[in-house]
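Q: Pasting a structure here, questions to come.
The values are calculated or read from the model by the stated rules, or taken from the named source; none is laboratory data. All figures in this text were calculated on a predicted structure; none of them were measured in a lab. Don't worry about glycine lacking a Cβ; one is built from the backbone with ideal geometry, like all the others, and counts go over all protein chains shown.
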Amino acid sequence: MFKLTLGLVAGLALTSLSTVAAEPDQPSQIMQQSEAKAEKGDGYVFYSYFTKPTFGTQDALTGVAVIEPGKEIHPPHIHAEEEYLMVVEGEGVWSLKDKDIPAKAGDILYAAPWDSHGIRNTGKVPLKFVVMKWHSKGVPVPAQPAAVKP
């Protein structure tokens with residue numbers, strides 16, 4: 001009887017653990033800007049909101065950037081994650097795959113893995129954009145193409 005009870009307890013424990021492991025790490029939630037982590041740099045503030053894995057994402061970053069006129073957070077860059085950037089205030093210049101394109105409120109950029117991208121404020125008022133970057137769970141990370149390796 002002891003072995004049967006021990007087996008049932010172990011089985012229930014494993015079932016409970018697998019159920020917990022299958023749940024997303026980031027629960028549904030509303031986050032106020034005052035709760036976001038603020039990173040201040042030379043001419044910008046970046047507010048990081050959700051960064052934990054979710055049901056379908058890993059290596060996620062959601063945030064809002066405010067860039068002062070004539071500034072950028074960093075030069076155009078590359079990474080393995082997919083990314084959306086949407087300008088909500090101000091104007092500037094997108095950089096996408098080594099091409100410069102005007103950016104204004106309401107415009108959105110999608111950067112596929114390893115495509116060079118960025119934005120700088122060329123206007124007279126702060127530029128604000130929303131960013132969503134992630135890698136999908138269960139999808140292999142794409143290899144960095146030889147053409148874009150340093």
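Q: Please name all residue pairs, on different chains or six or more residues apart, with Cβ atoms under 8 Å, provided the first residue is in the range 100-124 and is under 15 Å from A65 (Cβ atoms) and the second residue is modelled with pLDDT under 95 and assigned to a strand (DSSP E or B).
A: Correct list of pairs: empty, since none qualify.
Q: Give the residue, chosen from A147, A103, that is modelled with pLDDT under 95, among the hydrophobic types (A, V, I, L, M, F, W, C) and over 21 Å from S48 (Cα atoms). Give the derivation first.
A: Numbers: A103 fails: modelled with pLDDT under 95.
So the residue among A147, A103 that is modelled with pLDDT under 95, among the hydrophobic types (A, V, I, L, M, F, W, C) and over 21 Å from S48 (Cα atoms) is A147.
Q: Every residue in the range 23-43 that is of a type in the set (D, E) and in a loop (DSSP other than H, G, I, E, B), please. Break it down into steps so the answer makes sense when it comes.
A: The first filter runs over the range 23-43 and keeps only residues of a type in the set (D, E), leaving 23, 25, 35, 39, 42.
Residues satisfying the conditions are E23, D25, D42.
Q: Which one is surrounded by the fewest Cβ atoms within 10 Å (Cβ to Cβ), of the residues in the range 21-68 that are among the basic types (K, R) and under 16 Å from the mean Cα position of the chain (by Cα)?
A: First, pick out the residues of the range 21-68 that are among the basic types (K, R): 37, 40, 52.
Filter once more, keeping what is under 16 Å from the mean Cα position of the chain (by Cα): 37, 52.
On the way: K37: 10, K52: 12.
For the range 21-68, the residue satisfying everything is K37.
Q: Among the residues of the range 44-58, is any part of a strand (DSSP E or B) and at pLDDT below 95? Give the steps one after another, and end with the answer.
A: Going through the range 44-58, the residues part of a strand (DSSP E or B) turn out to be 44-48, 57-58.
Now drop any that are not at pLDDT below 95, which leaves 57-58.
The answer is yes, given that some residue of the range 44-58 is part of a strand (DSSP E or B) and at pLDDT below 95.
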